[in-house]
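To start, the structure under review is shown below, and the notes come after it.
The values are calculated or read from the model by the stated rules, or taken from the named source; none is laboratory data. These figures come from a predicted structure and were not determined experimentally. Neighbour counts are summed over all protein chains in view; Cβ atoms, including those assigned to glycine, are modelled from backbone coordinates with ideal geometry. Remember, those area values only see protein heavy atoms, side chains included, never the ligands or the DNA or RNA. Shrake-Rupley method; radii C 1.70, N 1.55, O 1.52, S 1.80 Å.
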Amino acid sequence: MGVTGPPGPVMDRDEVDRALARLGAEHEAIETSLLSLQDHAGRRLLEGAELTGTTKERWSAAEASITLLWAYFDAYADALRSAREIRSRRRWSSREDLSELTELLRGASITVAGSATATANAPTLVGTGKLSEQFSLVALVERMNELYASSLDMVIAADAVWSALPARIDLLAAELQRTRRLAHSVGVRPGEHPAGDDLERITRTLTMLRERVVSDPLAFWLPTQGSSAPGGGRPDTTTYDHEARALEDVRREIDAVLTVRQDAEARLVKLRDVLSRADRTLAEARSARGEVLAKIAASEVPAVSGPPTVLQEQLATAAEYRRHAQWHRLSPLLEALEEKAEDELLRARESLTAVTQPLAVRAELRGRLDAYKAKVARHGLAEDPFLIERYDAARRMLWSAPCDLRVAEDAVLRYQHAAADLLSPRVPDQGTGPQDRRGDS
């Protein structure tokens with residue numbers, strides 16, 4: 001919708017002809033815009049909808065604005081028709097005709113009468129208290145532009161929300177129904193599983209959301225800040241997006257339950273195997289503890305606990321859930337049991353390691369003693385009586401039961417030191433007599 005030229009002195013014939021041509025083109029543009037607004041799908045939907053809230057208030061004002069728009073347009077068309085009639089009286093308009101045309105085209109000579117309801121509800125006329133107004137063509141077009149922009153903005157916003165959200169909500173609701181049927185088939189029901197409660201909440205939220213979107217679409221419209229163009233903005237999909245994400249979370253939970261249904265037996269078998277290995281390891285640790293106590297003296301040997309009965313009871317419960325197809329309960333129980341079973345096997349292994357530590361120390365001392373004996377033999381000192389004596393003393397301690405590890409380690413160290421003394425390079429004798437190497441035995 002355009003704007004006419006500014007007012008001025010008495011127009012000449014050429015100015016009048018140019019103004020009439022411009023006004024004629026403007027008349028056609030305004031009429032096209034009004035008819036487009038009249039036929040807009042959003043306006044037709046607004047007329048037939050049961051509106052509430054913000055949309056109801058704004059549509060009431062928009063209807064009044066549209067009524068005034070047609071009244072203004074009729075007055076504009078009448079003024080244009082009158083100007084054309086005056087101009088068509090004669091080929092060369094007289095001074096009086098030109099003065100009349102100037103007043104009509106540039107002066108505030110157009111009177112528009114409107115109903116009290118329309119005037120009160122139109123957003124640009126609130127508080128004027130007038131049932132009729134005087135306009136120039138310029139002011140009349142400016143007023144029509146204002147009313148048209150506000151009305152079109154409201155219609156476009158409502159239509160955009162209706163075009164975007166209800167269809168998406170319906171698609172999500174259809175997916176929700178499929179998910180609910182699948183959830184029911186695997187035992188995910190309200191009151192029995194959190195995902196079942198989530199499905200009920202999502203259902204209620206989507207139902208209420210669709211009702212609100214249909215009755216009050218403008219409550220879900222986010223205008224673009226700083227934009228003056230009609231329809232500048234986008235639908236607010238915050239609630240819809242939140243529920244879509246929640247439904248996706250529920251689907252993942254149900255997929256996990258389905259996975260449990262498919263491989264539950266294999267996971268139960270693996271759990272039994274892990275717990276059995278843990279029990280065997282603990283039994284081995286208890287047996288090793290008795291051996292350590294019999295063979296090693298003066299050693300702190302930790303106690304070995306028995307197999308945990310709680311895990312066996314939970315494993316039996318899991319098997320019961322599988323027999324009764326209670327997959328939604330089996331899923332979290334299996335996950336917890338798998339973690340606890342691995343921890344139990346690790347604890348059993350650590351217990352066995354701690355219990356057999358003294359035996360490992362004894363074995364290390366035996367190996368060290370034999371390694372040094374072999375080294376001495378390679379250097380031709382195996383028959384040295386002093387080394388034989390020290391070796392026999394250490395061997396008796398390591399192969400006796402119970403074995404005192406501290407005393408045995410000291411004996412092995414003495415044998416090592418004696419062997420090291422014999423194997424180290426010797427300083428030539430400086431006239432000193434023979435030395436007795438038994439002094440530190």
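The table below lists the values:
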item: The chain - accessible surface per residue (Å², probe 1.4 Å); result: 55 Å²
item: Cβ-defined net charge surrounding L282, 13 Å radius [Lys, Arg +1; Asp, Glu -1]; result: +2
item: Accessible area of the chain belonging to carbon and sulfur atoms, whole % at 1.4 Å probe; result: 52 percent
item: Dipole in debye (nearest 20) - the range 62-102, about Cα centre, beta carbon charges: Lys, Arg +1; Asp, Glu -1; result: 400 debye
item: Residue-span extension gain [S424 to E339] - 0.36 nm each, minus C-alpha spacing; result: 24.9 nm
item: Computed label-point distance, nm, for sites S185 and A294 using a 7 Å Cα→Cβ extension; result: 6.1 nm
item: Cα-centred dipole magnitude for the chain, charges only on beta-carbon of K, R (+1) and D, E (-1), debye, nearest 20; result: 1500 debye
item: Cβ-Cβ FRET estimate between E383 and K270, R0 fixed at 41 Å, reported to 0.05; result: 0.10
item: Within the range 367-385: backbone nitrogen closer than 18 Å to the L413 label point (7 Å, Cα to C-beta); result: 367-370, 372
item: Neighbourhood net charge (12 Å Cβ-Cβ; Lys/Arg +1, Asp/Glu -1) for E291; result: +3
item: Spin-label pair D14/T207, simplified geometry with 7 Å Cα→Cβ offset, distance in nm; result: 7.5 nm
item: Net lengthening on full extension, R245/E85 (0.36 nm per residue, minus Cα-Cα); result: 50.9 nm
item: Two-site FRET efficiency, A393 against T309, from Cβ-Cβ distance with R₀ of 56 Å, rounded to 0.05; result: 0.70
item: Calculated volume of the Cα convex hull per residue in Å³ (choose from [x] 196; [y] 127; [z] 355), label; result: [z]
item: Net charge, E409 excluded, C-beta distance under 12 Å - Lys, Arg +1, Asp, Glu -1; result: +2
item: Lysine pair number, Cα distance threshold 30 Å (strictly under), the chain, separation 8 or more or different chains; result: 4
item: Loop sites in the range 284-350: GluC sites (Glu not before Pro), DSSP, at most 16 other Cβ within 10 Å; result: E300
item: Cα lying deepest toward the dipole's positive end in the range 229-331, options S331, S276, A294, charges on Cβ; result: A294
item: Cβ-Cβ FRET estimate between R178 and T238, R0 fixed at 22 Å, reported to 0.05; result: 0.35
item: Extreme residue, positive dipole direction of the range 172-318, given options P223, A266, V213 (C-beta unit charges); result: A266
item: Linear extension gain, A229 paired with L45, 0.36 nm per residue minus alpha-carbon span; result: 64.1 nm
